[in-house]
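In what follows, a structure is listed as structure tokens, so that the remarks can point back to it.
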Amino acid sequence: MLSNNPVTIRLACQQDAKDLHTMVLALAESTDEKNKVNSTADDFLRYGFGEQPSFQGLIAEQAGKSVGLSLFFYHFSSWQGKLGVYIQDLYVNPTCRGTGLGRQLIIETVRCAKQRGADHLRLSVDSGNKNAQQFYRHLGMTWREQEQIYQADLQALEHMIRVVD
């Protein structure tokens with residue numbers, strides 16, 4: 001990437017749905033998890049830019065090309081009684097890594113979140129992604145050892161419903 005071209009960060013819009021999906025695919029590929037991505041650009045369009053958006057995105061652009069992404073949503077902490085922001089995906093094109101762009105995407109996400117009243121940030125990182133873990137620690141983030149993320153896919157959800165009924 002040409003270093004004399006400035007990077008700009010802006011809120012994603014409907015026309016960015018394909019770029020959002022492309023960068024999420026690139027992120028998954030960089031962690032050898034691309035085979036787990038089932039989403040489409042249409043999913044990003046429907047859930048991010050419909051009547052009740054489920055997420056927001058920040059896109060970093062350089063010379064008219066998308067080179068970074070922060071995909072985030074808001075959540076309420078019932079224990080803290082506060083609004084927080086959760087970064088679902090943070091991606092920086094390999095040609096821009098080491099330039100501070102990842103840090104800047106997080107800062108801009110925090111700025112957006114503070115405008116909505118959020119007072120904390122959460123994210124998860126793949127257990128094998130040591131570079132990302134080191135990056136987040138360097139920013140002052142801490143790993144919550146006492147928490148584990150559990151997930152249920154559609155088949156598990158249907159099983160839960162059958163067990164309850």
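Before moving on, here are some points about what is shown:
- With Cα atoms, 0 to 90° folded angle of helix 154-164 axis to the chain main axis: 20 degrees
- GluC sites (Glu not before Pro) lying in DSSP loop within the stretch 82-165, provided at most 11 other Cβ fall within 10 Å: GLU145, GLU147
- Volume per residue for the stretch 89-165 equals 166 cubic angstrom (convex hull of Cα atoms).
- Per residue solvent-accessible surface (Å²) - the stretch 27-99, probe of 1.4 Å: 58 Å²
- For the peptides 68-76, 125-133, the ranking by mean Cβ contacts within 10 Å, running from highest to lowest, is 68-76, 125-133.
- GluC sites (Glu not before Pro) restricted to the stretch 18-84 and DSSP loop, no more than 15 other C-beta within 10 Å: GLU33, GLU51
- Beyond 29 Å in Cα-Cα separation lie the following of the pairs LYS34/LYS82; LYS36/LYS130; LYS36/LYS82: LYS34/LYS82; LYS36/LYS82.
- Put simply, the amide H of HIS75, placed in the peptide plane, has neighbours under 5 Å in GLY84, VAL85, TYR86, leaving out anything fewer than 5 places away on its chain.
- Note on the chain: with a GNM built from Cα contacts shorter than 10 Å, the maximum mean-square fluctuation among ALA17, ALA152, ALA28 falls on ALA152.
- For the chain, a simple Cβ point-charge model (Lys and Arg +1, Asp and Glu -1, everything else neutral) yields a dipole of about 640 debye relative to the Cα centre.
- Once you reduce the stretch 1-72 and the stretch 76-93 to the center of their Cα atoms, the two points are 17 Å from each other.
- Here the simple spin-label model places points 7 Å from the Cα toward Cβ, and for TRP79 and ASN35 these points are separated by 3.6 nm.
- Computed in the context of the full set of protein chains, the accessible area of the chain at 1.4 Å probe radius has 50% of its extent on carbon or sulfur.
- Working from the Cα coordinates of the chain, the gyration tensor eigenvalues give, after taking √(5λ), semi-axes of 27, 20, 18 Å in decreasing order.
- Rounded to the nearest 10 Å², the accessible area of ARG10 at probe 1.4 Å: 70 Å²
The values are calculated or read from the model by the stated rules, or taken from the named source; none is laboratory data. Everything quoted here is computed from the prediction, not taken from an experiment. Please note: Cβ atoms are built from the backbone with ideal geometry, for glycine as well, and neighbour counts cover all protein chains shown. For accessibility, only protein heavy atoms count, side chains too; no ligands or nucleic acids. Shrake-Rupley method; radii C 1.70, N 1.55, O 1.52, S 1.80 Å.
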